[in-house]
1. Aspartates and glutamates near Lys281 by alpha-carbon distance under 17 Å, same-chain residues fewer than 8 away left out - which ones?
2. Could you give the longest part of the chain that holds none of the GluC sites (Glu not before Pro) found in DSSP loops with at most 11 neighbouring Cβ atoms within 10 Å?
3. Would you mind getting me the FRET efficiency between Glu25 and Ser305? Use the beta-carbon distance for r and R0 = 25 Å, nearest 0.05.
4. Whole-Hz Karplus ³J(HN,Hα) for region 233-240, in order, using 6.51 cos²θ - 1.76 cosθ + 1.60 and θ = phi - 60°, x for Gly and Pro?
5. Can you give the Rg to Rh ratio for region 95-226, taking only C-alpha atoms and Rh from Kirkwood?
6. Let's test the formula: R0 of 22 Å, r as the Cβ-Cβ distance of Asn291 and Tyr262. What FRET efficiency results, to the nearest 0.05?
7. DSSP beta bridges in region 117-251, what fraction antiparallel, as a percent rounded to 5?
8. Given R₀ = 25 Å, what would the calculated FRET efficiency be for Glu197 paired with Asn39, taking r from the Cβ atoms and rounding to 0.05?
Amino acid sequence: MKNIVTGGAGFLGSHLIDKLIERGEKVLCIDNLTTGSINNISHLFENDSFEFIEHDVINPIKLSCDRVWHLACPASPIQYQKNPIKTTKTSFLGTYNMLGLALSNKARFLFASTSEVYGDPEISPQDEGYKGSVNTIGTRSCYDEGKRVAESLCFDYFRTHNLEIRIARIFNTYGPRMAKNDGRVVSNFICQSLMNESITIFGNGNQTRSFCYVDDLIEGLLLTMESSCTGPINLGNPNEFTINELANIIKNKINNEANFIYKILPDDDPKQRKPDISRAKKELNWEPMNNLDKGLDLTINYFKSII
Ligand code: NAD
Ligand code: UDP
């Protein structure tokens with residue numbers, strides 16, 4: 001199999017590439033290195049099965065392949081809001097171009113969608129039938145609406161051109177290779193604690209998230225690509241924590257003097273998030289194996305090694 005992985009120098013993309021290479025497949029990584037890093041893929045440069053092209057997916061590209069894994073897009077709110085127009089272009093034009101690439105090769109196409117398509121959900125847990133509650137004009141909408149229109153494009157390529165598509169709706173995932181300055185909550189809290197800085201809790205900290213360890217998520221993506229289910233399919237760990245709970249767990253693990261500092265809650269920050277993974281259990285026979293305790297230990301060890 002020749003795989004194209006867009007966003008392959010990023011957090012999830014680089015772990016996905018490692019697994020594909022381990023399985024003896026060929027991988028061509030496309031990335032413009034905005035939030036990704038060469039460090040995440042440099043260990044593969046000597047490997048004949050691996051190739052890297054620095055390229056922005058908002059521009060078309062001609063390549064041959066059997067599978068397209070389309071992950072290119074900044075995922076952290078702080079990162080995707082730095083240049084929101086670019087985020088929308090990446091979601092729409094990037095997905096449009098990569099769907100075109102898949103179609104020209106008759107390749108199967110997997111899209112990395114997100115729980116953000118549910119917006120600030122009124123129901124919990126969120127199942128794939130829930131249509132979501134998204135502010136179309138808010139600061140998060142470049143990402144949320146970008147991902148929604150990208151899902152829509154995938155389904156129109158399926159209905160119009162019979163392209164084989166797979167849509168994975170990824171919920172908050174964490175682990176080694178998140179960038180130190182990524183801005184998402186798990187890496188922020190760990191880095192702040194390790195550096196004895198104040199832990200920044202946004203709002204009152206009662207909002208919830210459910211955290212999936214990266215290895216589980218990658219296994220889910222691999223199964224999604226090979227399954228016969230177009231999706232959308234939720235991938236995440238249903239273990240739900242408030243942000244206050246997460247801050248306390250991380251502080252206790254690192255065992256230092258870091259204090260909590262409460263900051264203003266960003267606009268449209270979802271109050272609750274928890275995946276219903278019944279579809280993934282049924283269609284993929286998948287569920288996460290690593291709990292937060294274990295996943296955090298592995299992630300803390302990683303950040304200790306790079307800070
Ligand atoms: P990341 O920011 O670490 O990786 C994204 C990668 O895409 C980076 O390497 C970046 O340089 C690259 N990229 C961004 N814009 C690009 C462009 N225009 N052209 C080419 N490359 C571009 O984020 P991640 O956590 O690895 O997320 C990967 C994908 O998974 C994203 O599509 C994200 O929306 C989705 N996702 C992730 C999570 C999560 O919790 N990690 C949750 C939901 C969805
Ligand atoms: N958050 C926080 N402190 C931080 C970073 C994030 O309290 O330093 C909160 C954020 O407001 C949100 C949750 O943690 O409620 C998860 O944020 P993240 O950016 O990781 O991802 P999101 O799920 O919001 O896309």
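1. Partners within reach: Asp127, Glu128, Asp215, Asp216, Glu219, Glu226.
2. On the way: sites that count: Glu46, Glu257.
Maximal segment without exposed cleavage sites: 47-256.
3. On the way: r = 28 Å, r/R0 = 1.13.
For Glu25 and Ser305, the calculated efficiency is 0.35.
4. My calculation for region 233-240 gives 9, 6, 10, x, 9, x, 6, 9 Hz in order.
5. On the Cα set of region 95-226, Rg over Rh gives 1.02.
6. Working: r = 27 Å, r/R0 = 1.25.
In this case the efficiency is close to 0.20.
7. 35 percent
8. Efficiency, rounded to the nearest 0.05: 0.60.
The values are calculated or read from the model by the stated rules, or taken from the named source; none is laboratory data. As the structure is a computational prediction, the values presented were derived from the model and not from experiment. Cβ: placed from backbone, ideal geometry, glycine included. Neighbour counts: every protein chain shown. Just so you know, the surface numbers come from the protein's heavy atoms only, side chains and all, with ligands and any DNA or RNA stripped out. Shrake-Rupley method; radii C 1.70, N 1.55, O 1.52, S 1.80 Å.
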